[in-house]
Structures are given as C-alpha cells and as structure tokens.
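*Asks:* Sharing a structure here in structure tokens format.
Read the figures in this text as sums done on the coordinates, not as results from a lab. This structure is a prediction, so every number in the text was calculated from the model and none was measured. Methodologically, a virtual Cβ is constructed for each residue, glycine included, from the backbone with ideal geometry; neighbour enumeration extends over all protein chains shown.
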Amino acid sequence: MKKIPFISLLLINITILQAQETRNDSLVYHPQDFFLQPFYPPAGNVYRSAEGIPGAQYWQNSSSYLIHATLNEKDTSISGDVTITYVNNSPDKLDYIWLQLDQNIFNANSRAAAATPASNDAFGILGLNNGGYHISGVSVISGGKTYPVQPVITDTRMQIRLQQPVLPKGDQISIRMNFSFAIPANGAGRFGRLYTSHGVLYQIAQWYPRMCVYDDVEGWNTLPYMGQGEFYCDYGNYDFFVTVPAEMIVYGSGDLQNAPEVLTSEDIKRLATAANSDKTVPVIQAGEIGKPSMRPASRGNLTWHFKMNNTRDVAWAACSGLVWDAAKINLPSGRKALAMSAYPPEALGDTAWSRSTEYLKNSIEIYSKNFFEYPWNHAISIGGSLSGMEYPGLIYNDYHETRAGLWFLIAHEIGHNWFPMIVGSNERKYMWQDEGFNTYINYYATDIFNKGEYVNDPVYFSKDYFASRDYKIFMTYRDPLMVVSDAMDIKQHYQYYGKTAYGLNLLRNVIVGRERFDYAFRKYTESWAFKHPTPYDFFHCINNAAGDDLNWFWKEWFFTDWKLDQAITSVKYIDNNPARGSWITLENRGRMIMPVIVKIIQADGDSAVLHLPVDIWMRDGTWTFKYASMSKIDKVILDPENVLPDMNRGNNVWMTDNR
Ligand SMILES: [Zn+2]
C-alpha cells in the first residue's frame, strides 16, 4: 500500500558485532522457536510441487450440474431436481462418493445446532423446526445403466455406495435426485428472505445437493457445515433453470440463456446499451417497477435459464420490486463483461446504491488488472437483507450500506470471486486463505479506486492503518490463524481477515519488498486459478517465487498467537567519544520476531533510518550493532512509522537524557 514506503536496506553504516558470547535467558524469546527444521511436513510431490505450484501429475475431479428448481411462494420453499455429472480424474478407484447437504444445518437435530452455544446463536440456527432437505428418488447412472440407491445421510453429508466403482483417471458417473427445502428467513447469514416495499426478495444459495471434494490431501472432505466454515467445492459447468411467478425477475450467477422469454424487448435494449457504457445505465427504474412494459407476462410462472462454466457454485435471487442498473466492465485482454446491481428503491441515492454498479465495475477491473482476469461475463450486486455474502458472479450486500461502507462491502464480496471462487482453497478448514487474501486485495483496490476516494475514510481506513487498526485487534487474540474455521472464537474470527491481510502487507512492504512479493503473490494466484491450493502450497510458492526462506514468518503469523515487543536498551559511545561511533543494543522481548526499523537522530541534525534483517535474531534475543555516529545521539526510535505490530511501544524510544 502506498501509505508505507518500503524502507531500503541501509546497512552501509552497520558493522556486525561479534556474536554474543552468552545468551540472554531472561527473555521469553527463543531462536529455536523459529530456526529449527523442518518447519512443515508436506514435501513436494508429483501432485503439489516443492515450488508451491501444481505438480506434474496434479489432478482434481470435476462436478457439473443440471438443476431445475421452482420457487413456491405459498410455503416459501424450493423444490427441484439435480443431475450431477462427476468425473474421477484421481489415480484412485472410488467405491462410494460423498455429497454435501448444506441445507441440513437448519434441521433441528443438526450437528451445528447441537454445537451452538445458547448464548451466541450467531448463525440463527437454533429453534428451527422445518429446515433441511427432503431428498427422494436418488439414482446412479453408470456405464449406461441406471439404478436406484438408498443414500446414507448423516447431518450435512450424504454417502452413496456404488454398485460399480468409479474408475481412476477419467471415468464418470451421474447422480440424480429430487430435493426440496423450506427457505429460512435467515439462512445462517448466507441467504434468506427480505420483505421489501414491492414484494419479497428471495436470496437463494446452498440450494442444491452437491459433491464433496475428493482430493490428494484428505481424500473425501467431509467436514460438516457448521455455520462459520464456508465451502470447498469442485469446479464444473452449471446449467440451471429457475421457475418463479411471472412478475418476478431472477438474477442468477452466469449468463441468462433465454432473455426473450423472460424479459421485454425494452429491458433487453437497455441491457445492450449498458454493455457499451462505462457509466451506469438504468434497466428498470424505481417508477417502472411492476409496469407491464417491463415484464413479458403478468400471470403464471416463467422459467429462467442460466449457464455458468468452470465455476464452483451458482446462486440466484428473485424479486418483483427491485431497481436494476448496469455498466460495462473493461478487462485487460480487451474482453468486455457486464456489471449489474439490483436493490430496493429505498436504497437509491448518490451516496448509496446508485453507485453500486460503479463500485462493482471498478473492483472487477482493478482485480483483473492486478491479480487475474475476471473469467465470467456477468457480475451482479444484490441489495438485500444479508450483511454480505459472496457467490460466483453474484454477491449479496446489505442495502442499508452507504458511502465508504458500501464501497468496501462490494469490493470485498466481489473480491471473493478471486479468493476462493477462482483460487479454490478449502474455506471450511482455512478461512484466512480466502477472507484474508481477499481483505488484502480489498485494501489494494481501495488505494486505487477513484484516486483513493475512500483511502482515508475514518470508518474503514486510516493513514495509520497498520498501527491503528488491525494489529491492535489481533494483539489481544489467543487463537492462531490455523485454527479450523468452526473452532475459532466467534469474536476473534475477524483476525482471519485483518491479521492475514496485515501479514501480507508486512511481507510486501517491510519484509520482502513490493517487487518480489507482488510477483510471488501473482504467481500463486495464476498457478492455482481453478485449482485447490493448501496453505502449504501458498507458503512454498511465496518462499520460492520471492526467493526467501520465510518459514519463521509463516510459523509465527499463522500457527501461533505470539506477540511482538522490540525494545532499545542502551546506546554507548566507543571510548566515550561519539565521533568514534556508538554501540546500540536492542532486545526482542516478545516471542514473535520481525526485522528492525530504527531511526537514529544525532545532535548535529543528521538522521538515518536503518533496516536490520530478521536474521539478527537467529542466535539470541539481544543484539548490539555499531553505528558510525559523528556526534552525540539525541534520539533512537524503533519502528518510527508504526508499521510493525509492536505491542509495547513504551520501550521503543531512547533519548539522550536516559543515559
Ligand atoms: Zn468475506
């Protein structure tokens, strides 16, 4: 981020003092916490290379979906059928398969309900009595033969035991079933219903039974859906049909296939205008909601047909009462896409949702240019009841949000289209790998958007971002980032976002430097696009592409709750003569380590900022170095720009009177 200049290595004035003769055992810091090997067990192999990119024989299975669903307004339910085409690219034969039944979290007897403290029902899953899937007619199509199966359903998972295994390296089967479920008003903060001035807004997600991921790391990933840990899904192609009352408009992930059947020629004309416009173009304005000219039929049902390829999920919303607008997205390759927003008319306003499409378009353009080109043709921001939730090409955002809050929300939720929708990490286990990486690119985008319009917004941002915001939050936390998503203290889960983003910024701005870190981070993003990286793949990839052994950092930042406390303890002149140079002594009083940034101000007005690499802490927690002072030293300041998470700054300054 441009707020923190990278401090160049000014080692010219430093001569290294002889290694300490005795260790300082009074400190809690132990070099062996960091400089023992090996740090992490997963060595490179043919599937995941030691370089941290997919190996020569990397594989992943694919799951494609044909879905028909009907929204039943009478009992606010969804019913439909799904046919899954599953391709086994693994080297293993599969005698059984596992599916995810996310809706079963809303069953009164769900594992999540049992594990939710009565005092903190953060996902609104206690006290529901009609939630969960009703599944019927499960059959398997394999080798041209169709046979019914009795699935084994256990909480949010379903196992199908096969009559013939799915063979390795490219064999495929299909699974078909009917499903239905009651739509909760609050779907654990990830979908639900909102009663607007012009009818109900249905925000639908986790709406069809889908495959668990079978991978080379865990085999079947069958962790139950408990609320906080999000999703881990195969990639594949989606072909889906949604039937709703004719007055409603359906906003779906992907590309609408039958516009002439479900939109009027006027709607289609305005969308085409928007597709060529950098400025937001209205498609349906507030005064036009419900007008016959905007809907092709007023009675019965209409079926909307969408397709989206190479994606890990799809979602859709339906409502008759939303404002709808759109604008063109310009992608680096020259390809164009369409950004759209749909929201209740009460959210209109120049500081509010009238800017949603502009925020969406700009976020996508910035991420595409700097990280990876947006691969799909449409993206839509829906203003509704959820505080914020992401799906491929479709995001749900709180329609009450305005100003910087709305910018940040949209930049964040659409940012998830990069992490984890494009870079498909396992969110259920490693929440920081999507929330944190996304938060990192959100700050990046905020620096750039509209010449930094919201960079200094006091609510969301601050010039002193490093010092004032994130480190103070995570400084007191006790859970390391590697804690599995559902086991993290719910009040501490923000650190998945903030501490991770802060750590990446430290790597970029302080530890590695922008040139090398940006290359390495982009290498990770491109290498794992539409694939399944683990945290270790990320660590390996950055170590390799940036060319540094950062294992000390991965360990302290992701696996521990260790805190940083750097201190300056003394300044001594050689032969009591400042003109002959000074010995400056530092201590590492916390268990975390960091490079040291030290500013030295001399009485003659000369000052210098030195950057000492983390290697000074390899042997001990005390470090003395020689500084070529020319006159008396007035002041020595550690971390003068507050970029490090030093939790005790009271010992960061030495002044001449202290002697
Ligand atoms: Zn998020």
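*Asks:* Where in the stretch 182-278 are there GluC sites (Glu not before Pro) that are in a DSSP coil and have at most 16 other Cβ atoms within 10 angstrom of their Cβ?
*Replies:* Working: sites: 218, 230, 247, 261, 266; in loops: 218, 230, 247.
Passing both the DSSP loop test and the Cβ count: 218.
*Asks:* For the stretch 431-557, give the magnitude of the charge dipole about the Cα centre (Cβ charges: +1 Lys/Arg, -1 Asp/Glu; no others), in debye to the nearest 20. Kindly include the intermediate steps, with their values, before the conclusion.
*Replies:* On the way: 14 positive and 17 negative charges, 34 e Å.
The calculated dipole for the stretch 431-557 is roughly 160 debye.
*Asks:* Between the stretch 343-361 and the stretch 489-517, what is the separation of their alpha carbon centroids in Å?
*Replies:* If you average the Cα positions of each part, the centres end up 30 Å apart.
*Asks:* May I ask which residue of 104, 292, 507 lies farthest towards the positive end of the charge dipole of the chain, with charges of +1 (Lys, Arg) and -1 (Asp, Glu) on Cβ and the Cα centre as origin?
*Replies:* Comparing the listed Cα positions along the dipole, 292 ranks first.
*Asks:* A follow-up question, please. I'd like the distance between the alpha-carbon centres of the stretch 114-132 and the stretch 281-341, rounded to an integer number of Å.
*Replies:* If you average the Cα positions of each part, the centres end up 34 Å apart.
*Asks:* Kindly provide the helix-only [θ] at 222 nm of the chain, computed as the sum of -39,500 (n - 2.57) over DSSP H runs of four or more divided by all residues, to the nearest 500 deg cm²/dmol?
*Replies:* For the chain, the value works out to -5000 deg cm²/dmol.
*Asks:* On to the next question. Separation of the stretch 78-106 and the stretch 185-224 by C-alpha centroid, Å?
*Replies:* Answer, in whole Å: 15.
*Asks:* Same structure, new question: Using a 10 Å cut-off around each Cβ, can you sort 568, 382, 441, 268 from fewest to most neighbouring Cβ atoms?
*Replies:* Details: 568 19, 382 27, 441 24, 268 15.
Ranking 568, 382, 441, 268 by Cβ neighbours within 10 Å, fewest first, gives 268, 568, 441, 382.
*Asks:* Dipole of the chain (Lys/Arg Cβ +1, Asp/Glu Cβ -1, origin at the Cα centre): which of 280, 223, 56 lies farthest to the positive side?
*Replies:* Looking along the dipole axis, the top candidate is 280.
*Asks:* So which trypsin sites (Lys or Arg not before Pro) in the stretch 361-424 are both in a DSSP loop and have at most 11 other Cβ atoms within 10 Å of their Cβ?
*Replies:* On the way: sites: 361, 369, 403; in loops: none.
Sparse-neighbourhood loop trypsin sites (Lys or Arg not before Pro): none present.
*Asks:* Net charge within 15 Å of residue 88 by Cβ-Cβ distance, Lys/Arg positive one each and Asp/Glu negative one each, not counting residue 88 itself?
*Replies:* Values: positive: 93, 169; negative: 92, 95, 171, 215, 216, 234.
Surrounding charge for residue 88 is -4.
*Asks:* Based on other C-beta atoms within 10 Å, arrange 656, 196 from fewest to most. If you can, show how the numbers build up before the last one.
*Replies:* Values: 656 13, 196 22.
The fewest-first ordering by Cβ neighbours comes to 656, 196.
*Asks:* Kindly express, to the nearest 10 degrees and within the range 0 to 90, the angle between helix 494-506's C-alpha long axis and the longest C-alpha principal axis of the chain.
*Replies:* Between the helix axis and the principal axis of the chain, the angle is about 50 degrees.
*Asks:* What does the charge dipole of the chain about its Cα centre add up to, to the nearest 20 debye, if the Cβ of each Lys and Arg holds +1 and the Cβ of each Asp and Glu holds -1? Can you show the working numbers first?
*Replies:* Values: 58 positive and 68 negative charges, 75 e Å.
Rounded to the nearest 20 debye, it is 360 debye.
*Asks:* Helix 356-370: angle to the longest alpha-carbon principal axis of the chain, degrees 0 to 90, nearest 10?
*Replies:* 60 degrees
*Asks:* Under a point-charge model restricted to the Cβ atoms of Lys and Arg (+1) and Asp and Glu (-1), what is the dipole moment magnitude of the stretch 119-278 relative to its Cα centre, in debye to the nearest 20? Intermediate values should be presented prior to the final figure.
*Replies:* On the way: 10 positive and 15 negative charges, 98 e Å.
Dipole of the stretch 119-278, to the nearest 20 debye: 460 debye.
*Asks:* In the neighborhood of residue 44, defined by Cβ-to-Cβ distances under 11 Å, what is the net charge if each Lys or Arg adds +1 and each Asp or Glu adds -1? Show your work: numbers first, answer last.
*Replies:* Working: positive: 48; negative: 51, 537.
That works out to -1.
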